[in-house]
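Quick notes on the structure that follows.
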Amino acid sequence: MADTKKVFVFDDNRDILDLCTFILEDAGYEIRTSESANDIEQQVAAYMPDIIFMDNWLPDLGGIQATKAIKSNPDLKHIPVIYFSANNDISALADEAGADSYLSKPFDIASLEDIVRKHLS
């Protein structure tokens with residue numbers, strides 16, 4: 001399957017990364033994960049995913065700064081960024097970051113798959 005869609009998940013929680021990997025690989029996506037937003041632009045450019053999930057709390061560079069860096073890079077800004085967090089203000093945070101959408105934690109499998117499908121269709 002040549003056109004396998006690629007998902008990149010940034011989260012400092014290994015359990016979340018494992019869960020996302022399990023769900024999305026099962027749904028037929030290729031997935032890469034990272035526990036840090038260091039060199040965010042290089043990390044994203046090296047993989048060129050079709051969609052990115054960005055956690056709010058990341059060591060060093062937080063999710064907002066990481067998202068802004070992606071969105072201000074002409075080569076990367078077309079990639080949809082889904083902000084995800086357990087924060088009550090997630091929609092405001094996603095707005096501030098310039099994310100394309102958001103997903104609240106804890107999330108269920110269906111909503112994770114739905115949001116990926118919606119942004120990749």
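The values are calculated or read from the model by the stated rules, or taken from the named source; none is laboratory data. What you are looking at is a predicted structure, and each value in this text was computed from that prediction instead of being measured. Virtual Cβ from ideal backbone geometry, glycine too; neighbours counted across all protein chains shown. These accessible areas exclude ligands, DNA and RNA; they are computed on the full protein's heavy atoms, side chains included. Shrake-Rupley method; radii C 1.70, N 1.55, O 1.52, S 1.80 Å.
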- Under 9 Å between Cβ atoms, at least 6 apart or on separate chains: pull out the pairs that start in the stretch 15-27 with a residue that is closer than 15 Å to Pro49 by Cα and end on any residue that is open to solvent by 100 Å² or more (accessible area, probe 1.4 Å) and modelled with pLDDT under 95. none
- Note on the structure: How many residues of the stretch 31-42 are under 11 Å from Leu76 (Cα atoms), in contact (Cβ under 8 Å) with a residue 12 or more places away in the chain and not hydrophobic (A, V, I, L, M, F, W, C)? The answer is 1
- Task: Only one of these is touching a residue at least 12 places away in the same chain (Cβ under 8 Å), buried (at least 19 other Cβ atoms within 10 Å of the Cβ) and more than 13 Å from the chain's Cα centre (by Cα): Leu112, Leu93. Name it.
- Result: Leu93
- open to solvent by less than 40 Å² (accessible area, probe 1.4 Å), without any contact (Cβ under 8 Å) to a residue 24 or more places away in the chain and of a type in the set (S, T, N, Q): does that describe Ser101? yes
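Among the residues of the stretch 83-121, write down those that are under 19 Å from Asp18 (Cα atoms), hydroxyl-bearing (Ser, Thr, Tyr) and in a helix (DSSP H, G or I).
Of everything in the stretch 83-121, just one residue is under 19 Å from Asp18 (Cα atoms), hydroxyl-bearing (Ser, Thr, Tyr) and in a helix (DSSP H, G or I), namely Ser111.
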